[in-house]
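Trainee: Below: one structure in structure tokens.
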Amino acid sequence: MPQALASFMQTSIVGRGQEKGLVEVVLHNLHDYATDKFKHIDDTPYGGGAGMILQAEPIFACIDKLQSERSYDDVIFLTPDGVRLTQNVCAELSLTQNLILLAGHYKGIDQRVRDVLVTREVSIGDYVLTGGELPAAVLTDAIVRLLPGVVGDAESVLDDSFMHGLLDSPHYTKPAEFRGLKVPEVLTSGNHAAIRSWREDMARTKTMERRPDMLSDTHEE
Ligand code: ADE
């Protein structure tokens with residue numbers, strides 16, 4: 001998996017950001033911080049139960065080393081029982097300088113890591129993946145694309161779904177008619193006020209249909 005993560009970080013929008021010198025992503029393998037000669041980093045849970053638990057020692061060793069080299073705004077543990085990730089959190093994290101993302105790849109990690117080292121716990125959704133690597137890649141992508149200069153068209157990033165608390169309106173491109181399917185006339189009218197108002201209506205309607213929770217005052221954001 002580290003190899004899959006490495007190629008994702010070198011390609012994709014994250015790779016582009018790195019090439020432009022706008023962001024640096026460094027992968028660390030916890031096995032390099034194993035304390036026993038067999039390079040184990042997990043063990044059975046105290047009290048019994050299925051699955052292996054990532055040990056505290058290699059994680060402390062790795063994070064201690066990183067924190068001795070620079071200061072970090074957050075140590076984020078990716079876990080399905082974390083706080084659900086939103087665009088607002090991504091925007092907040094995009095303003096930070098340095099972040100550590102901690103991905104577990106087993107049943108769990110020793111709670112002492114969470115109690116002492118971790119400052120934020122993030123879930124990328126209400127489903128369970130086999131490890132935190134993909135969630136860490138998702139979080140990295142969502143943050144990096146918000147850094148100024150990474151995505152060529154800054155306006156397109158600001159217009160995304162969720163940026164204004166609404167889902168995105170539909171998009172069309174040439175040709176104006178395809179298999180008898182026509183582009184809504186307003187979009188080819190050149191009337192910018194009418195286009196803006198159509199897009200707002202469409203975004204509101206879609207949000208109402210699909211995500212009414214985003215429109216209610218009781219929504220968590
Ligand atoms: N690790 C496994 N599943 C996850 C999820 N949904 N979000 C964050 N980390 C995870």
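The values are calculated or read from the model by the stated rules, or taken from the named source; none is laboratory data. Quick caveat: nothing in here was measured; it's all calculated off a predicted structure. Note that we place each Cβ from the backbone using ideal geometry, even for glycine, and neighbour counts take in every protein chain shown.
Trainee: Look at PRO80 and say whether it is surrounded by fewer than 18 Cβ atoms within 10 Å (Cβ to Cβ) and within 10 Å of the ligand (Cβ to nearest atom).
Mentor: yes
Trainee: Examine region 113-136 for a residue that is more than 30 Å from ALA50 (Cβ to Cβ), out of contact with any Gly (no Cβ under 6 Å at 6 or more places or on another chain) and away from the ligand (no atom under 16 Å from the Cβ), and state whether such a residue exists.
Mentor: No, because not a single residue in region 113-136 is more than 30 Å from ALA50 (Cβ to Cβ), out of contact with any Gly (no Cβ under 6 Å at 6 or more places or on another chain) and away from the ligand (no atom under 16 Å from the Cβ).
Trainee: Anything in region 139-167 that is under 14 Å from LEU93 (Cα atoms) and surrounded by fewer than 18 Cβ atoms within 10 Å (Cβ to Cβ)? List them, or say none.
Mentor: Answer for region 139-167, where residues must be under 14 Å from LEU93 (Cα atoms) and surrounded by fewer than 18 Cβ atoms within 10 Å (Cβ to Cβ): ASP141, LEU147, PRO148.
Trainee: Now for a different question. Just to check your reading of the model, which residue among GLY152, GLY125 is on the phi > 0 side of the Ramachandran plot and of a type in the set (Gly, Ala, Ser)?
Mentor: GLY125
Trainee: Which of the residues belonging to region 123-172 are aliphatic (A, V, I, L, M) and within 24 Å of MET208 (Cα to Cα)?
Mentor: Within region 123-172, ILE124, VAL157, LEU158, MET163, LEU166, LEU167 qualify.
Trainee: Give region 88-112 a look and list any residue that's at pLDDT 95 or above, within 16 Å of the chain's Cα centre (by Cα) and either within 16 Å of the ligand (Cβ to nearest atom) or surrounded by 19 or more Cβ atoms within 10 Å (Cβ to Cβ) (or both), or say none.
Mentor: Matches in region 88-112: VAL89, CYS90, LEU93, LEU99, ILE100, LEU101, LEU102, ALA103.
Trainee: Now a separate question. What's the total number of residues in region 90-119 that are under 10 Å from LEU78 (Cβ atoms) and assigned to a strand (DSSP E or B)?
Mentor: 3
Trainee: Kindly provide the set of residues from region 1-30 that are free of Cβ contacts under 8 Å to residues at least 12 places away in the same chain, in a helix (DSSP H, G or I) and over 16 Å from the mean Cα position of the chain (by Cα), ordered by number.
Mentor: Hits for region 1-30 are GLN3, SER7, GLN10, GLN18, GLU19.
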